[in-house]
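A quick write-up on the structure given underneath.
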Amino acid sequence: MSNKLEAYLEELSHFLSGREEREEILSEIRSHILEKAEQEFGAASDESLDRVIASYGPARRVAEKYLDGRPVIAPAFKRHLFRYTALLFAFHFVLTLAAVVFKESFLMFPVFYIPSMSPFEALFYLPMALLFDLGVVTLVLYLITQSKKEVRLPWPRFSVDLEEVKTAGRTIGRIIGLLAMTALTGVAVYFYVRYQTIFFVNLNFAEHHPIFTPEAGRWYSLILIGLWALSAVSLAVKLVTSSPWVDAFKEGFSLVLLGLIFRQPLDTALGAQLPAGLVRVLKPSLTITVLVICIFVAIDLIKALVRIGRKQLAK
Amino acid sequence: MEPETGHFGTEMNRGFLQIMVLAMLEKDMYGYAMVRAIGELGYEVDENTLYPLLRRLEKNGWVKSTWDIREDRPRKFYGVTEAGRRLRAELLDIWKKQDQILRQLLKEKSHVQ
């Protein structure tokens, strides 16, 4: 018998695994293919069997026709997948920030364990947390779907409008924003090229005093210029498309750039010429400011991802 | 340009195929013979659609099957059951009613035009 027929039946067998009547289905298909090859091509040769198998269809497609077609997650719950994941991740995100700020571990049995971590480590922890949250929600919805019980899940509403509405006012706002961000980026680049920093204590450029050490000043300046440039580019792109992917990419890259701030330790980043009182105030304020910005960017990122998920569902 | 029946055609064929199979199986037949017989009637059915349908009908008790192992190649023969005949009669009633409604609608439309 053709090796190809055996390989085809084996592949089918793999996709039908778990079904009691698998062997019977395979026997029937084997019998059909052999008979068709003999009747329509004269003999069950390798060549004729290849042609009959090709016309029967790919093994996975054939196997799917025998399956019940019960979805992993009921269509009615697909929207819940994204919304619940967003809410769970928001909770996870806040706890992660608390773990970073207070340098404490959090254990909330059985779902959450958030270890004490640095801001830089948090950048790697959060994507993993998002996947974990997606997995937990998927598992719960899967179990509800498979139970076949009539379950009415609560539907929490965000207070913000997740849908993009294109209006003339919004377009004008974006043009003004684009011009402002472009000008800001241009001025920052000019200062950076001239002074290698954009952070100053005073505005007397004949005798300027940078806030940070030269190395830290360069690092932070480049990050801030990068963030402004990113905003300008996203505003420009949003003039031609309202795709939520633009926001998702922008917020994602922004989070990475903000995370890079923490690679330069703030303890040694402040300039030596600064008064001690100012240093005492600046250190915690800068950390808190960056963390708050991170929260807002993360919220925008989640909103963009939810919009993407909803658009995919609408398709 | 021909209308793209695609998905709609598949949906319509599904119901029709069930009635047709239940009607054909007054005489016991095996899968390949059924595909050939349907082809001779001027209709076409994919074998990978027919076999899962037969399995579903069998699972619900509308058709029964027996393996014939007298020849070199074993063949699975199907035949309609009493429950299958009742189902066929009900499906035919639905189909006739639908046909009647459509004819009425198209007749009214032709009068309006």
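Nothing in this text is a laboratory measurement; each read-out follows from the coordinates by a stated rule. Please read these numbers as outputs of a predicted model, since none were measured by experiment. Every residue, glycine as well, gets a Cβ built from its backbone with ideal geometry; the counts of neighbours run over all protein chains shown.
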Based on the Cβ-Cβ distance from A:GLU20 to A:ARG152, what FRET efficiency comes out when R0 is 30 Å, to the nearest 0.05? 0.35
Let me check I've understood the local charge: for B:LEU53, count other residues with C-beta under 9 angstrom from its C-beta, Lys and Arg +1, Asp and Glu -1. What total comes out? +4
Taking 1 over the mean of 1/r across every pair of different Cα atoms in chain A, what Kirkwood radius in Å do you get? 24.9
Please sort by residue number the trypsin sites (Lys or Arg not before Pro) in the stretch B:65-97 whose DSSP state is loop and whose Cβ has at most 13 other Cβ atoms within 10 Å. B:ARG70
Lysines within cross-link reach of A:LYS283: Cα-Cα under 30 Å, excluding same-chain residues under 8 positions apart? A:LYS103, A:LYS250
Could you tell me how far the Cα centroid of the stretch A:14-55 sits from the Cα centroid of the stretch A:56-116, in Å? 40
Enter the angle in degrees (range 0 to 90, nearest 10) between the Cα long axis of helix B:82-112 and the first principal axis of the Cα atoms of chain B, meaning the one along which they spread out most. 20
Using the C-alpha atoms of the stretch B:6-112, what convex hull volume per residue, in cubic angstrom, is computed? 119
Using the Cβ atoms and a cut-off under 10 Å, what net charge is assigned to the surroundings of A:GLU40, where Lys and Arg are +1 and Asp and Glu are -1? +1
Using modelled amide H (1.01 Å from N, peptide plane; none on Pro or chain starts), what sits under 5 Å from the amide H of A:ALA74, excluding residues fewer than 5 places away? A:THR145
For A:THR197, net neighbour charge (Lys/Arg +1, Asp/Glu -1) across residues whose Cβ lies under 14 Å away: +1
Set A:LYS238/A:LYS311; B:LYS27/B:LYS107; A:LYS78/B:LYS96; A:LYS4/B:LYS64; A:LYS36/B:LYS97; A:LYS78/A:LYS149, cut-off 27 Å on Cα-Cα distance; pairs above it are B:LYS27/B:LYS107; A:LYS78/B:LYS96; A:LYS4/B:LYS64; A:LYS36/B:LYS97
Divide the volume of the convex hull of the Cα atoms of the stretch A:3-66 by its number of residues and quote the answer in cubic angstrom per residue. 67
Rounded to the nearest 0.05, what FRET efficiency do A:ALA183 and A:VAL140 give with R0 = 60 Å and r taken as the Cβ-Cβ distance? Could you check? 0.75
Cut-off 18 Å (backbone N to label point 7 Å along Cα→Cβ of A:PHE124), residues of the stretch A:272-315: none
To the nearest 20 debye, what is the magnitude of the charge dipole of chain A about its Cα centre, counting +1 on the Cβ of each Lys and Arg and -1 on the Cβ of each Asp and Glu? 1620
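Taking loop as defined by DSSP and a crowding limit of 13 other beta carbons within 10 Å, which trypsin sites (Lys or Arg not before Pro) in the stretch A:1-107 fit? Can you show the working numbers first?
Numbers: sites: A:LYS4, A:ARG19, A:ARG22, A:ARG30, A:LYS36, A:ARG51, A:ARG60, A:ARG61, A:LYS65, A:LYS78, A:ARG79, A:ARG83, A:LYS103; in loops: A:ARG19, A:LYS103.
Taking the stretch A:1-107 and a limit of 13 other Cβ atoms within 10 Å, the loop trypsin sites (Lys or Arg not before Pro) found are A:LYS103.
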Give the calculated FRET efficiency between A:LYS4 and B:ALA23 to the nearest 0.05, with a Förster radius of 35 Å applied to their Cβ-Cβ distance. 0.45
Convex hull per residue volume in Å³, alpha carbons only, for the stretch A:168-314: 121
